[in-house]
Every structure is written in structure tokens, then in C-alpha cells.
Amino acid sequence: MPLPYNRCQPNNEPSVYKWLRALHWWLLPGHCLLCDLGSGRDFDLCALCEADLPWIQVACPRCAVPLPSPAPGCARCLRRPPAFACTRAPMAYQGAVASLVPRWKKGELPALQRVLVGLLAARVAPAAAEVDLLVPVPLHRRRRAQRGFNQAQELALGLGAELGLPVLTRPVLRTRDTRSQQGLNAAARRRNLRGAFRVDADLSGCHVAVVDDVVTTGATAEALAVAVLRAGAQRVEVWAVARTPRPQA
Ligand SMILES: [Zn+2]
Ligand SMILES: [Zn+2]
């Protein structure tokens, strides 16, 4: 059954693009966005700075919150399992990540977007074969008009191009301009977001990855996962660059 999504990523990238990309890196070698030195590779982050990023070593498999030791889930997910099956968010939202992500959200530096897409793509690639399509968290049209940029959508389009996955954008709507989530606890965030998303597409049987820049409490991903499951999806997981640690976790 055809799905009404934008199949906008070249699965088989024409060789001329590969050649142009190689030429680009040959003419303009990689420059590390963090230490300001040559990166020594075709990526604008050097290997040492990449290794120093706040990678999460042990996490809740459902919501990716950092945990002190391996467990089937964090206390919150065990008490109230989320609608999504798992979360892949490889870095903690702290240190260098907490300075890079806000710069990216302000629309600074296209190189920063390529780096964030590359870091996440490398970590989710093993799971990509099990995913049929990506659904970025949409902004309300008013917010989108103000900002002119939806970072979750840009991230999903970059991942889709890297991993050869289609991205569903227009049929996924944020129907309410929810008030800012800052300062709200998890329960208040859930109430604030209830019914905020609508998916006007038949996703019967699809395995979907919801894409967001940062997972803070998981309430946004939960609300969108519920809407995606209502549209018929069989399984939803969440992909994000970073996860905010819980103070007590
Ligand atoms: Zn560096
Ligand atoms: Zn959890």
C-alpha cells in the first residue's frame, strides 16, 4: 500500500554527489567545531573531541535516561511504561552538547548540523534496518513561522539521507500551540501535550522512529508516539541527539 510520505532521500546517491563530496573535503579539510584545530578527517569534529563528548554509558532502554547500573528500565518506565518501545539518545545533554545544541537551534553553522546528524546516524545505523520511516516532532505552524526552522525536521531529513529512510513531514501536525514546557514537571508536561499531535496518514504495520533534538522528560515523544500508533503504526521508537539526565537518576 503506498504511503503518503515524502520520499525525499536518495537511497542510491548518484556517484556525482559522492565525487563532489569527496572533492569538498579535499578542498576544505575538516575543522573541529570544539577545539578549533584541523580535524584530520572528513568531519568537522576531531576524534579526540568526539571521544570526550558526554556519551551515556548505561541507560534505561525505554527512555534513555542515564542509569548508574544496567536495569530493565528506570523506576518511571517500570511504573508507567511509555508508548514507545525504546529510545536511542546516545549523549547526555550536558557539557559540550549543552552548548552545541542551542547554537544549532538558533540556526548557526550548517557544519554543526552535519556533525550532529553524523554523530547520531552512526549510533542508530544498526537499528535502521528495522525502521520503515522517520517522523520528526513537528512545530506548531505559528512557532514554525516565527523560527523559520524546525530542528527536529532538519535532523530527520539529514538522518534520512544518511540512512536511506523516508521522512514523514506534512501529514504530521501539531494541532495546538502548547505553552512552553520549561519549568513543568513530567505530569504537567504530559497534560500540556495531550492531544497536541495528529497524523493524517495510514501508517498500518509501519515501524516508526520519532526524531527529536533533545529528549527532556519524554513527554513530547510520548504524545507523538501515541498519535503515530493511533495512525496504525506497529512499533515506535525515539531517536534524539541527547537526553537530559534526571537529577535523581
Ligand atoms: Zn577537536
Ligand atoms: Zn526509563
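If you check every pair at least six apart or on different chains, which have Cβ atoms under 8 Å apart with a residue in the range 112-134 that is under 22 Å from VAL172 (Cα atoms) first and a residue that is part of a helix (DSSP H, G or I) and of a type in the set (Asp, Glu) second?
Once the first residue is under 22 Å from VAL172 (Cα atoms) and sits in the range 112-134, its partners that are part of a helix (DSSP H, G or I) and of a type in the set (Asp, Glu) give VAL117/GLU162.
Could you list, in sequence order, the residues of the range 108-123 that are at pLDDT below 90 and assigned to a helix (DSSP H, G or I)?
Answer for the range 108-123, where residues must be at pLDDT below 90 and assigned to a helix (DSSP H, G or I): PRO110, ALA111.
Can you confirm whether the range 139-151 contains a residue that is under 14 Å from VAL211 (Cα atoms), part of a helix (DSSP H, G or I), modelled with pLDDT under 95 and under 13 Å from the mean Cα position of the chain (by Cα)?
Yes, the range 139-151 contains at least one residue that is under 14 Å from VAL211 (Cα atoms), part of a helix (DSSP H, G or I), modelled with pLDDT under 95 and under 13 Å from the mean Cα position of the chain (by Cα).
Can you tell me which residue is surrounded by the most Cβ atoms within 10 Å (Cβ to Cβ) among those in the range 228-244 that are free of Cβ contacts under 8 Å to residues at least 60 places away in the same chain and hydrophobic (A, V, I, L, M, F, W, C)?
Among those residues, the one meeting the criterion is ALA233.
Of the residues ALA209, ALA225, which is surrounded by 18 or more Cβ atoms within 10 Å (Cβ to Cβ), under 17 Å from the mean Cα position of the chain (by Cα) and in a helix (DSSP H, G or I)?
The unique qualifying residue is ALA225.
The values are calculated or read from the model by the stated rules, or taken from the named source; none is laboratory data. Since the structure is predicted, the reported quantities are computational estimates derived from the model, not experimental observations. Cβ sites come from the backbone with ideal geometry, for glycine too, and all protein chains shown count toward neighbours.
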